[in-house]
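Read the structure below first, then the notes.
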Amino acid sequence: MSSFSDLPDFTNPSSDRSYHVRMGRPPDASLLPEVERAAAEIFRQLPQLAFLADDEPAVSETKHLACIKAGTCWVAADREDQPVGFLSAESQGRDLHILEVSVKPVAQGRGVGRALIAAACHFASEHTYQRITLTTFLNVPWNRPFYEKLGFRLVERSEPECRLQSLVHEEEASGLPVGSRCAMQLVL
């Protein structure tokens, strides 16, 4: 099992990497939905989920701004400090719940998503959260397996985890294919 401490450090903007991770800033809020739209283009590869590329972003500009103000939004930025990825999360009691992680196609496969998760994990451990939670697609190659490599585990539908299972049911009720979503957690 991987641990967030094993993840690469992309947070140093002076490194020779093309991207760095920083806290989200209020002006970023209007740019992040476009990052999510660009990232969603990959779903065109899956006929049953291709409609997601044309959907509205899951996280609104207003919600991003709330996450930024709460200190729970991280942005992967390029050399010009423009967002190429983000992770927006919110506090849910003792959990830090990831609302969305998106990375533009130009930056996918370069460790940017891993770096964003590492930043959120570091924050969560520093702020005494007990776990990080999220919902994602069960059988999409770049979803559940990605999180499993980072140490997240599946929360089985039979587990008495009301908040997460309610989220999965809400997502399916809003039009996502029934049985396609799952809840995951990383215990800190």
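Read the figures in this text as sums done on the coordinates, not as results from a lab. Bear in mind the structure is a predicted one, so any value in this text is a computation, not a measurement. Cβ coordinates were reconstructed from backbone atoms using ideal geometry, including for glycine residues, and neighbour counts include every protein chain displayed.
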How about the stretch 141-174: which of its residues are surrounded by 18 or more Cβ atoms within 10 Å (Cβ to Cβ) and assigned to a loop (DSSP other than H, G, I, E, B)? 143, 150, 151, 152
Checking the conditions here, which among 65, 31, 52, 46 is more than 15 Å from the chain's Cα centre (by Cα) and farther than 26 Å from residue 166 by Cβ? 31
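Residues that are among the polar types (S, T, N, Q), without any contact (Cβ under 8 Å) to a residue 60 or more places away in the chain and on the phi < 0 side of the Ramachandran plot: does the stretch 143-151 have at least one?
The answer is yes, given that some residue of the stretch 143-151 is among the polar types (S, T, N, Q), without any contact (Cβ under 8 Å) to a residue 60 or more places away in the chain and on the phi < 0 side of the Ramachandran plot.
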Looking at (1) surrounded by 21 or more Cβ atoms within 10 Å (Cβ to Cβ); (2) without any contact (Cβ under 8 Å) to a residue 60 or more places away in the chain, which one does residue 121 not meet, given that it meets all the others? (2)
Out of the stretch 177-188, which residues are in contact (Cβ under 8 Å) with a residue 12 or more places away in the chain and outside any strand (DSSP E or B)? 177, 179, 180, 188
